[in-house]
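The values are calculated or read from the model by the stated rules, or taken from the named source; none is laboratory data. Keep in mind it's a predicted model, so treat the numbers as computed, not measured. Reconstructed Cβ throughout: ideal geometry from the backbone, glycine too, with neighbour counts over all protein chains shown. All accessible areas refer to the heavy atoms of the entire protein, side chains included, with ligands and DNA or RNA removed. Shrake-Rupley method; radii C 1.70, N 1.55, O 1.52, S 1.80 Å.
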Amino acid sequence: MKTSKSSIAMTFSVPRNNSFLKFFLLLFFFIFSIILTGCHHHHGSAVFPEEKTDTLRLYGKVKLNNIKFPTSLCGNNDYQFRDLSVFNLSIQDDNVNVASISANGEFSFSEMEPREQVVIFCQNSSNKNIAFEWMGASSTGLSGEINVTINIYSTARSYIARTLRDRYGKRVKPEFIEDKYIQTTVDAIAEVIEKNPELLVNTPLSEVPLIKDTYTAMASSLNDGGSGAYPKEHVFLFYFAGDNDLGIFMENTINSIAKAGLPSNTEVLIAFDTSHSLPLLNKAGGAAYRLDGNKLKLLYEIGDVDSTNALAIEKFIELSVREYPAKGYSLILSSHGGGWRDHERILASNRAVFMNDVTSVATGTVLNIASGIELAFNQLNASNRKFDMIVLDACNMGCIETAYEFSNLAEYTVFSQALMPAEGIPYNDFFKEISERNINNTTAFDRAELICKLYSDKYVNQPNVIDTGISLIDNSVVPNYVSCCKNYFEAIYKNINTYAPLIYNIRTLKTTNDGEEVSGDVIQSFSAFKEFVDLKQLVKESYNVLLNVKIESDALSDAFDSMVKYSKYSDSLKNANGISITFPEKDVYNAYYNGILPANEYYHLKFLTLTDWGKILDAMMPNNK
């Protein structure tokens, strides 16, 4: 990096016989020069302030002479690439800045915007799995001219630094990683290239298990030892699938978030897809934004995209985690909702789902969206990570099937058993309060609970608002709860011929007034088709008729109370306890669950594959064949 120094020429006329005056002037000049230049503790040398620049230029040389390449890789018997122009240079997550490389390895990128981190990939054009890299990172920003050397050592340092970033949310200057910490990775890279080049036929160099295990273990060790720093305390990721009639409401929500402003030590990143050219953003299609103070800064355009596609969500998460490392992350998914429902059936019947995209004539499902989130962390080599909270800002998502599908992806899940207003959760109030509290003084639970309380205050039992509510689930308890469900349903299925009609009768009981049946179910149900029912109430109402299942029922009730940390619903939904289960009546079951599609997605959900609930449903529906 180039810096400019200020030169100061001073001339003194000192009488030769006045030694005291000479000493005084020399002392004055020494002190004055220190004040002007400043002191730098590193290497004990003084440095001048760096010149502020608004561009970054990366140039340098690729040097691969430390590696003995087999003929199968380099194409000759010299064990070296004679012409390094066979490599292509690119920058991670940047499709604009590319550079060519000369035969002797010299390269230069054109000027680009300063940034806090950059990863250069040097990839062989014939075998793209042969790729080396260099990483630069600085919390104060990379700018000016930087001379780069790409070799086996820079590659090892980059692997480790990237893993610290992606896996732990920490930033470290790669050049500060000492040689002793990179040596095992350097040795692993050399061993694969020199002795086992066949491993690179189908696998990228960085993904070969011998190499990946080595640098992942070193990053873990450095993290445990306190290396690196969190650039931010928390990053909030908003994914608004608004290519539908909710687009205008989502734009208003985004506008209110911008007005609330960015809480200190956080980042707010927003992916928004819409079919409308809305006033705030003045564009249609998909794009990602970053909240900069009270303004939205365009990060990148996505264009026409199926925002319900799991790959779109995966890409947004990957880019966000790489570009904005932090101690923790939250994910908010907002669109139309309908629980677990199968998208092909929904399209055929024009029913709501979890996310829909009008332009693409597509809908999302819990199964593929959850898998997309999981894939994002796997692609980041960060399977150890999970979100602090996932908020499903959509109708009818609060069922056990959905909760279990997302349980390993976040510490907490926030959703609703009921309908939710189009205006959605008041995130502006959330960010105002987070700013007042200071993000560093809040836990994942604090933030999830705050969202629930603010939503309840705004919508629950308020005039001219639909019947609604919100739940907060502790995902650490969900596996145990599902295990209790497994035992409970197994006990029921052992006596299925006796219990099936009893459970179904409870499901279809109607409320009465002075002995006369009136409209309404005893068991609290949700959605237009009333196919979701409150799980806790169903277990409670079945307690006295399932005589041989009382032990399992008690265990299930106990686990429920520790799993649902917050639940508040409108008085008209008085039997809503925080989580539902899919239990349609026979006409709905036969119309939408049975026989139309052999591979009904419902039966592929993890909850259905682990428990006997699907078999119990089948036994209760005699006309399903």
Quiz item: Of all residues in region 544-577, how many are small (G, A, S) and within 25 Å of R447 (Cα to Cα)?
Solution: 5
Self-check item: Subset of region 236-256 that is of a type in the set (A, V, I, L, M) and at pLDDT below 95 - its residue that is most open to solvent (accessible area, probe 1.4 Å)
Solution: I248
Exercise. Give region 392-430 a look and list any residue that's among the small types (G, A, S) and not in a strand (DSSP E or B), or say none.
Key: A394, G398, A403, S407, S416, A418, A422, G424
Quiz prompt | Tally, over region 454-512, of residues that are in contact with a Cys (Cβ under 8 Å, 6 or more places away or on another chain) and polar (S, T, N, Q) | solution = 1
Quiz item: Which of the residues that make up region 322-336 are touching a strand residue (DSSP E or B) at 6+ places or on another chain (Cβ under 7 Å) and not basic (K, R)?
Solution: Y324, P325, A326, G328, Y329, S330, L331, I332, L333, S334, S335, H336
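Let's see how each residue does on (1) assigned to a helix (DSSP H, G or I); (2) in contact with a Ser or Thr (Cβ under 7 Å, 6 or more places away or on another chain); (3) under 25 Å from S572 (Cβ atoms):
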site: I470; (1), (2), (3): no, yes, yes
site: S476; (1), (2), (3): no, no, no
site: N480; (1), (2), (3): yes, no, no
site: I492; (1), (2), (3): yes, no, no
site: F529; (1), (2), (3): no, no, yes
site: E541; (1), (2), (3): yes, no, yes
site: V545; (1), (2), (3): no, no, no
Quiz item: In region 292-320, how many are under 17 Å from the mean Cα position of the chain (by Cα) and open to solvent by less than 50 Å² (accessible area, probe 1.4 Å)?
Solution: 11
Quiz item: Of the residues that sit in region 222-245 and are in contact (Cβ under 8 Å) with a residue 12 or more places away in the chain and in a helix (DSSP H, G or I), which one is nearest to L331 (Cα to Cα)?
Solution: N223
Quiz item: P598 is checked against (1) in a helix (DSSP H, G or I); (2) modelled with pLDDT under 90; (3) open to solvent by 50 Å² or more (accessible area, probe 1.4 Å) and fails just one. What number does that condition carry?
Solution: (1)
Quiz prompt | Matching residues, region 366-391, being open to solvent by less than 30 Å² (accessible area, probe 1.4 Å), closer than 28 Å to G469 by Cβ and not in a helix (DSSP H, G or I) | solution = F387, D388, M389, I390, V391
Self-check item: Residue, farthest from I150 (Cα to Cα), within region 79-103, restricted to residues that are assigned to a loop (DSSP other than H, G, I, E, B) and open to solvent by less than 80 Å² (accessible area, probe 1.4 Å)
Solution: D93
